[in-house]
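Read the figures in this text as sums done on the coordinates, not as results from a lab. Predicted model, so just to flag it, every value in this text is computed and none were measured. Ideal geometry is used to build each Cβ from the backbone, glycine not excepted, and the neighbour counts take in all protein chains shown.
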């Protein structure tokens with residue numbers, strides 16, 4: 001099974017984001033999940049615009065079997081959109 005982590009990222013560096021998700025990635029991998037790398041950089045999108053990042057994350061969500069929403073997801077616009085899309089398209093969702 002392929003897991004995608006939905007993580008609030010606003011005002012955080014990629015290093016902070018990676019550190020926050022490291023333990024969760026390890027737990028998911030121990031449970032048998034392959035975890036998609038969703039820490040995106042400007043090199044991953046066509047232009048440095050929040051909507052481009054969201055579009056890329058939805059593209060990755062299409063590859064996932066389950067969306068794992070980290071604490072605080074409900075307060076982050078992009079995470080709420082990922083959650084809604086996963087829900088509307090019948091993906092499994094795990095809320096932490």
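The figures follow:
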item: The chain - share of DSSP beta bridges that are antiparallel (%, nearest 5); result: 0 percent
item: Set of the stretch 30-68 residues, backbone N closer than 18 Å to the point 7 Å along the Cα-Cβ line of residue 15; result: 39-42
item: Tensor-based shape of the stretch 1-44 (alpha-carbon gyration tensor, a/c under 1.5 rounded, otherwise prolate or oblate); result: prolate
item: Label selected from (i) 13, 36, 32, 15, 5, 0; (ii) 16, 54, 29, 1; (iii) 16, 36, 24, 12, 8, 4, 0, the criterion being P(r) over Cα pairs in 10 Å bins from 0, in percent as computed here; result: (ii)
item: Label point distance in nm, residue 1-residue 74, each placed 7 Å from Cα along Cα→Cβ; result: 2.2 nm
item: Contact order normalised by residue count of the stretch 2-95, Cα under 8 Å, 6+ apart, percent; result: 40 percent
